[in-house]
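Below: the structure, in C-alpha cells.
The values are calculated or read from the model by the stated rules, or taken from the named source; none is laboratory data. Every value quoted in this text rests on a predicted model; they were computed, and no experiment measured them. Cβ placement follows ideal geometry from the backbone for every residue including glycine, while neighbour counts extend to all protein chains displayed. Note: areas computed on protein heavy atoms with side chains; ligands, DNA, RNA excluded. Shrake-Rupley method; radii C 1.70, N 1.55, O 1.52, S 1.80 Å.
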Amino acid sequence: MSFAIRGIVFDGEKLLGEKYVIVDKNKIVKISDSDEGLKVYEGKFIIPGLIDAHMHFFGVINDNVLEWNVTSGELSTARSAGDMIRLLASGFTTVRDLGSKSAIALAKAEKEGRFIGPRIIASGYSLAETGGDDDPKVLPLDMAQRLSYSFYCDSPWECRKAVRLAIRQGAEVIKVYASGAFSNSGNPKPALTVDDLKAIVEEAHRAGLKVAAHAYGEEAIANSVEAGIDTIEHGLGLTEDLAREIRRKGICYVPTLATYELPLELSYEEEIAKKREELISRHFKEDMEIAVNEGLKIAAGTDYVGSKLRPHGRNYREIVLLAKYMGYENALKAATSVAAECLGINAGKIKENYIADIVSVKKNPLENSENLSPENIEFVVRKGNWYNAEYLREAFKWL
Ligand SMILES: [Zn+2]
C-alpha cells in the first residue's frame, strides 16, 4: 500500500520544511513536494521513529534483583506484550533489549507480523561473571543460573561458549557486564577480565554482532575500550583520556540518564547510598560534559525495564535529559540517526530506501524535547503500517 504523509519534516539530520513523505509497502520511497496522487495523512511535525538504545522487557512490577530474576519468561513476555504497544504509541519504533527472558520471543513475533510494536534488537541473555551484582546470591548457584537472564561465564572459553549460546537463542547483539552496579559494592568494581572481554568481542564480531558493555567506573570502561566493545552502557566515571580513546575507536556512549533521575526502590546501606549519590551527580555533570565536549557519539537509552517506576511509554525522558547538555536537535538525533548508527541498522532517518518508521508530533520537538511526551504523539508508522497513537494509548492505558 502506498500513501503520503504531509507535515514539517525533520529527517533525523536536518529540517526539510513542509514536505510529503511517500511510503510504499514498508519503505520510504521519496520525499516529495506533492502528494503524488496518493492518500494523504496530515501530520504536524514529522520525525523518524524514535529509538531506545538500551532497555529491557522485564515485565515486572517492582525493581529488585530477585523479582527481575524470578519472574518467569511466560509472565515477563505476556506483560511485555502490552509494553510493546505502549512503546509504539509513544513514538518508539526501534528498541534494543540488553538482557531479558522475553525479548527474543517478542522480536520474533513482531518480525513475523503476529504482533505490533517496535523492532526489537535483542541480546537474549546477557553475559555476566558468577557472583556479580545481577546474580541473586540468596539462591543456590544452580537455581540462580536457572532463573537468571544472564549466562554466567568465568574464563575466555566459557565466555565464547556463552556468546554462542546467546546467538543460538537468536541474539542480534551481545551484552556483557564489564562491572557491577551500586547494589553490592559502593565503588563499582570491574567484572570479568580483559581477556574474557576480548574473547567475547572476537566471538561476537565473528558472527557479525556488536557488543554492548555495561560499565560503571573508570576501570570497567577502560577494560571495555581495550577489548574493542562497540557501545559503552551507563559509563559512569568517564575521564577525558577515556573519552578520547572512545572517540578514536568510534565507540558509542549510552549514558542512560533517565534511569538515574528516579528515586530507586532498592535500599542501600548508608555507605553505598552515599557513594551512589556521588557517582550519579558526577554522571549528570562531569561525565556528560566530557562526553559532549569530546564529541562522543551519544545514543539515547533509558534502561527502563517496564516496572512501575521505569514504565515503557515514558522513554522520551532520556531525550529531555540529554537535551540539557546537547540541545534539542542533537538530543533528537541521539534518539534517531545517531542511535541507528550506533546500533548499525537502517532506521532513524526519513530518507529514500529507509524503513518507513515515522512519527507525527503535535508540537515542535526541536523547540522543546518535552513536546515528545506521549500525549503529543499523533500517529506512528511502523514498517509502513499507520497507527493512530491516541487510540492505542487509550486502549492500552499506562500502569
Ligand atoms: Zn540495562
If you scan region 42-68, which residues turn out to be closer than 14 Å to Leu309 by Cβ, within 15 Å of the ligand (Cβ to nearest atom) and either touching a strand residue (DSSP E or B) at 6+ places or on another chain (Cβ under 9 Å) or among the hydrophobic types (A, V, I, L, M, F, W, C) (or both)? Met55, His56, Phe58, Val60, Trp68
Answer from Ala207, Ala215 - the residue that is under 22 Å from the mean Cα position of the chain (by Cα), in the same structural domain as Pro311 (by TED's automatic domain parsing) and within 14 Å of the ligand (Cβ to nearest atom): Ala215
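Quick one: is Glu233 of a type in the set (D, E, K, R), within 15 Å of the ligand (Cβ to nearest atom) and not in a loop (DSSP other than H, G, I, E, B)?
Yes; evaluated as a whole, the condition is true for this residue.
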Could you list all residues from region 211-223 that are crowded, with 21+ Cβ neighbours inside 10 Å and either of a type outside the set (Gly, Ala, Ser) or touching an Asp or Glu at 6+ places or on another chain (Cβ under 9 Å) (or both)? Val211, Ala212, Ala213, His214, Ala215, Tyr216, Ile221, Asn223
Which ones in region 309-331 are small (Gly, Ala, Ser) and either surrounded by 24 or more Cβ atoms within 10 Å (Cβ to Cβ) or touching a residue at least 24 places away in the same chain (Cβ under 8 Å) (or both)? Gly313, Ala323, Ala331
Kindly provide the set of residues from region 57-72 that are in a loop (DSSP other than H, G, I, E, B), open to solvent by 50 Å² or more (accessible area, probe 1.4 Å) and aliphatic (A, V, I, L, M), ordered by number. Ile61
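Yes/no per residue for (1) free of Cβ contacts under 8 Å to residues at least 60 places away in the same chain; (2) among the aliphatic types (A, V, I, L, M); (3) open to solvent by 10 Å² or more (accessible area, probe 1.4 Å):
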residue: Lys333; (1), (2), (3): no, no, yes
residue: Thr336; (1), (2), (3): no, no, no
residue: Ile345; (1), (2), (3): no, yes, yes
residue: Asn385; (1), (2), (3): no, no, yes
residue: Ala389; (1), (2), (3): no, yes, no
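Matching residues to (1) open to solvent by 20 Å² or more (accessible area, probe 1.4 Å); (2) out of contact with any Asp or Glu (no Cβ under 9 Å at 6 or more places or on another chain); (3) in a loop (DSSP other than H, G, I, E, B); (4) farther than 16 Å from Met55 by Cβ:
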{"residue": "Ile174", "(1), (2), (3), (4)": "no, no, no, yes"}
{"residue": "Phe182", "(1), (2), (3), (4)": "no, no, yes, yes"}
{"residue": "Lys198", "(1), (2), (3), (4)": "yes, no, no, yes"}
{"residue": "Asp241", "(1), (2), (3), (4)": "yes, yes, no, yes"}
{"residue": "Thr259", "(1), (2), (3), (4)": "no, no, no, no"}
If we scan region 125-144, do we find a residue that is touching a Gly at 6+ places or on another chain (Cβ under 7 Å), within 16 Å of the ligand (Cβ to nearest atom) and part of a strand (DSSP E or B)? yes
Hey, can you tell me all the residues within region 132-165 that are open to solvent by less than 40 Å² (accessible area, probe 1.4 Å), of a type outside the set (Ser, Thr, Tyr) and more than 16 Å from Leu66 (Cβ to Cβ)? Phe151, Cys153, Cys159, Arg160, Ala162, Val163
Condition test on Leu75, is it more than 21 Å from Ala300 (Cα to Cα), at pLDDT 95 or above and away from the ligand (no atom under 16 Å from the Cβ)? yes
Within region 95-104, is even one residue closer than 27 Å to Val338 by Cα, assigned to a loop (DSSP other than H, G, I, E, B), over 13 Å from the mean Cα position of the chain (by Cα) and more than 14 Å from the ligand (Cβ to nearest atom)? yes
Which pairs do you get when a residue that is in contact (Cβ under 8 Å) with a residue 40 or more places away in the chain, found in region 162-174, comes within reach of a residue that is among the hydroxyl-bearing types (Ser, Thr, Tyr), reach meaning Cβ atoms under 7 angstrom, with the pair 6+ apart or on two chains? Ala166/Ser123; Ala166/Tyr125; Gln169/Tyr125; Ala171/Ser123; Val173/Ser123; Ile174/Ser123
